[in-house]
Amino acid sequence: QLRRSLTWDQGSEMAMHKQFSVATDMPVYFCDPGSPWQRGSNENTNGLLRQYFPKGTDLARHSRRELDAVATELNSRPRKTLGWETPAERLAKLLTPTS
């Protein structure tokens, strides 16, 4: 359930998408150029990250500890799209075996 498909933009860094798809048995889809709304969750996450790191920030200038702290804070932030659960809560539910 956690890996159904992956949607990428049109960047050249995605040139090996066929090898990725074969290796992971996961279909890869591409957004139309200039259509960021087709990857809404990604664009929303980018906006949240920019609250901590302005666009163009070199993340190599930040320690692993700083980056992990931001990830923890974002994963602990309730999201409307998750029914006001946090990403961490939703992931825990998905990973908890049902009886």
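The values are calculated or read from the model by the stated rules, or taken from the named source; none is laboratory data. Computed from a prediction, not measured in an experiment: that's the story for all the values here. Cβ atoms come from the backbone with ideal geometry, glycine included; neighbour counts cover every protein chain shown.
The single condition among (1) out of contact with any strand residue (DSSP E or B) (no Cβ under 6 Å at 6 or more places or on another chain); (2) in a helix (DSSP H, G or I) that R39 does not meet is (1). Count, please, the residues in segment 6-37 that happen to be touching a Phe, Trp or Tyr at 6+ places or on another chain (Cβ under 9 Å) and either modelled with pLDDT of 85 or more or not hydroxyl-bearing (S, T, Y) (or both). Of the residues in segment 6-37, 11 are touching a Phe, Trp or Tyr at 6+ places or on another chain (Cβ under 9 Å) and either modelled with pLDDT of 85 or more or not hydroxyl-bearing (S, T, Y) (or both). Per the conditions (1) more than 15 Å from the chain's Cα centre (by Cα); (2) exposed (fewer than 13 other Cβ atoms within 10 Å of the Cβ); (3) not in a helix (DSSP H, G or I); (4) not aliphatic (A, V, I, L, M), the sole criterion not satisfied by F53 is (2). Which residues, counting only those in segment 78-99, are within 18 Å of L49 (Cβ to Cβ) and exposed (fewer than 11 other Cβ atoms within 10 Å of the Cβ)? Hit for segment 78-99 is K80, nothing else.
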